[in-house]
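Heads up, the thing below is written out as structure tokens.
The values are calculated or read from the model by the stated rules, or taken from the named source; none is laboratory data. No experiment lies behind these values; they were computed from the predicted model shown. Using ideal geometry, Cβ is built from the backbone for each residue, glycine included, and neighbour counts are taken over all protein chains shown. These accessible areas exclude ligands, DNA and RNA; they are computed on the full protein's heavy atoms, side chains included. Shrake-Rupley method; radii C 1.70, N 1.55, O 1.52, S 1.80 Å.
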Amino acid sequence: MHIAIAGGGIAGLAAAIALARRGHRITLMERASEFSETGAGIQVGPNGVRALAALGISERLEPAAVYPQRLAVHSGTSGRLIAESVLGARIEARFGAPWLTVLRTDLLSALLAEARGLATVTLRLGCAVASYANTTGGVECRLADGSSVAADALVGADGIRSAVRAQMLGDGEPADNHLVIYRALVPATSVPQWAREHVVNLWLLPGRHVVHYPVAAGGLINIVAMTRGKWSGTGWSAVAEPGEALAGYAAAATTLSDVLKAPVAWLKWAGCDRPPAPRWSDARVCLVGDAAHPVLPCLAQGAVMALEDAVVLSALLPEAGDPHAAFAAFESARKARTSRVQAESRRQAGIYHLSGPVRLARDVVMKSLLAGDQLTERTAWLYSWQPEHTRPDEENAPGSGT
Ligand SMILES: Cc1cc2nc3c(=O)[nH]c(=O)nc-3n(C[C@H](O)[C@H](O)[C@H](O)COP(=O)(O)OP(=O)(O)OC[C@H]3O[C@@H](n4cnc5c(N)ncnc54)[C@H](O)[C@@H]3O)c2cc1C
């Protein structure tokens, strides 16, 4: 089939690679004039690492990846270690794949290099998909410049404010969760030695939390600080006002402050998502990635769900013929799992930001969960995903991820 893809982010590029490998011809249309290599770090759990392997890009990522050995949860006010969980070899032994961290830019570059190496993939930049029309035996993608592209199917991978979704569902703006997310990347040499170790550090404070971990083969530290607040900008990279990101950290523990003072500037984006959509497909058109199921970053699964989508969609799409049934099968294969990730990510933000006496109870529960294998087992539904899975594993209880 000739498949048009709207959007050249992680979802669109991964779909292009996976579908081209199955013999389809791809025209990927990206609105931006270049592939945007911005963004901070991404944690990739074992399910994502397996999806990367299925896409054939593990080796390209290898030199840039960091394999964290532990997850350490701290009180952001006292500095006390609340709980610790072993990642590294233990996660790999349990789930058959490691946990890694990479720069979003390194992941995007690896996908782009792979896509560019595939003869049946055409990448078009400065090409915004404005609307589509299902026609007899095909789909017409109408571009913002007035031209159009005819294809057998259209995959809408155009992000949280997807034009394809807007036409398909007309469900308006994403949900504003009243969360502002600040991010910074700093040289590893600018943070204390303990913060350069291959550890994911999570700091919990009332109404806010901070996560930091090494990326770029350990050369950079990714710092993300999520705060309850109102800001409704639409981009991923607005520049925060001086002092804005750190307002509210006056009572932070010295150890945390030592990391937070490293960035000279912070970027920010609004913590938006959407509730699960009633459907993701319309005849020959299908949504994937953030266009279908945007999530808050609290489970570190937004990019990973996009990678999984690509692998599952490519396995379900037939070589030729009407893709409608395959799109419906894709939706039913993915809906329960991605809806659960959406809900768990929201729930996680609430747990991290608890205040008052209830946060002490939370710390006790977290300590007992992370100390044994309980957390690993409660997150098995998420991390044990295999590329050949087309149905979610519903056997396990909800997880309490990171
Ligand atoms: C610049 C950028 C920085 C990000 N930084 C972070 C981060 O630091 N942390 C984090 O957790 N998540 C970040 N994300 C989001 C994260 O990458 C996504 O949640 C996840 O990877 C799913 O990706 P996606 O491809 O579905 O959506 P996106 O990554 O949003 O990609 C969508 C792509 O579609 C393009 N597009 C949009 N509309 C159209 C259209 N009408 N026609 C054609 N193309 C279109 C966009 O330019 C973009 O390249 C970032 C996304 C972007 C675009």
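Just the C-alpha atoms of region 233-370: what Rg/Rh do they give, with Rh taken as the Kirkwood radius?
Ratio value, two decimals: 1.10.
Under unit Cβ charges (Lys, Arg +1; Asp, Glu -1), what dipole magnitude, rounded to 20 debye, does region 152-229 have relative to its Cα centre?
For region 152-229, the charge dipole is close to 360 debye.
Expressed in nm to one decimal, what extension gain is obtained for the pair residue 67 and residue 230 from 0.36 nm per residue of sequence separation less their Cα-Cα distance?
Contour length minus the Cα-Cα distance gives 55.2 nm.
Span-like helices, the chain: DSSP H, alpha-carbon axial extent 15 Å or more, mean Kyte-Doolittle 1.0 or greater, which ones? Kindly include the intermediate steps, with their values, before the conclusion.
Details: long enough: 10-21 (17 Å, 1.88); 104-116 (18 Å, 0.24); 302-316 (21 Å, 1.66); 324-352 (40 Å, -0.68); 358-371 (20 Å, 0.88).
Membrane-span-like by this rule: 10-21, 302-316.
Only bridges with both residues in the chain count here: give the DSSP antiparallel percent, nearest 5.
Details: 52 of 74 bridges.
Around 70 percent antiparallel, to the nearest 5.
Whole-Å semi-axes of region 21-73's equivalent ellipsoid, largest first, each the root of 5 times a Cα gyration tensor eigenvalue?
Semi-axes (√(5λ), whole Å): 27, 18, 10.
Using Cα pairs closer than 8 Å and at least 6 residues apart in sequence, work out the relative contact order for region 11-126, in percent.
Across region 11-126, relative contact order equals 44 percent.
Starting from the Cα-Cα distance between residue 133 and residue 34, subtract it from 0.36 nm times their residue separation and give me the gain in nm to one decimal. Could you put the intermediate results ahead of the total?
Working: separation 99, 0.36 × 99 = 35.64 nm, distance 2.66 nm.
My answer for the length gained is 33.0 nm.
About the Cα centre, and with charges only on the beta carbon of Lys, Arg (+1) and Asp, Glu (-1), how big is the dipole of the chain? Nearest 20 debye, please.
Approximately 720 debye in magnitude.
Mind checking which of 150, 316, 200 is farthest towards the positive end of the chain's charge dipole, using Cβ charges of +1 (Lys, Arg) and -1 (Asp, Glu) about the Cα centre?
Positive-end residue among those listed: 200.
On average, how much accessible surface per residue is there in region 161-248, in Å², for a 1.4 Å probe, leaving out ligands, DNA and RNA? Don't skip to the answer; put the middle values down first.
Details: 3580 Å² over 88 residues.
Averaged over the residues of region 161-248, the accessible area is 41 Å².
Tell me which trypsin sites (Lys or Arg not before Pro) from region 64-166 have a DSSP coil assignment and no more than 16 other beta carbons within 10 Å of their own.
For trypsin sites (Lys or Arg not before Pro) across region 64-166 that sit outside H, G, I, E and B with at most 16 neighbouring Cβ atoms in 10 Å, the list reads 80, 161.
Any idea which of 57, 77, 134 is furthest toward the positive side of the dipole for region 40-174, if Lys and Arg beta-carbons carry +1 and Asp and Glu beta-carbons -1?
The residue sitting farthest along the positive end of the dipole is 77.
Semi-axes of the equivalent ellipsoid for region 189-259, please: Cα gyration tensor eigenvalues, times 5, square-rooted, ordered largest first, whole Å.
22, 16, 11
Please report, for the Cα atoms of the chain, the Rg to one decimal and the Dmax as a whole number; what are they, in angstrom?
Rg, Dmax (Cα atoms, Å): 20.7, 65.
Give me the mean projected area, in nm² to one decimal, of the convex hull enclosing the Cα positions of region 287-338.
3.4
Give me the percent relative contact order of the chain, please, defined on Cα pairs under 8 angstrom at least 6 residues apart.
22
Taking the Cα-to-Cβ direction at residue 194 and at residue 386 and moving 7 Å from each Cα, how far apart do the two end points lie in nm?
My value for the distance between the label points is 4.2 nm.
For region 212-361, with the dipole built from +1 on Lys and Arg beta-carbon atoms and -1 on Asp and Glu ones, taken about the Cα centre, which of 246, 217, 236 lies farthest toward the positive end?
Of the candidates, 246 comes out farthest on the positive side.
Under 4 °C and 1.567 mPa s, how fast does region 97-143 diffuse according to Stokes-Einstein, given a Kirkwood radius computed over C-alpha pairs? Answer in µm²/s, whole number.
It comes out at roughly 93 µm²/s.
Over region 40-92, what is the mean sequence separation of C-alpha contacts under 8 Å (at least six apart), divided by residue count, expressed as relative contact order in percent?
The normalised contact order for region 40-92 reaches 28 percent.
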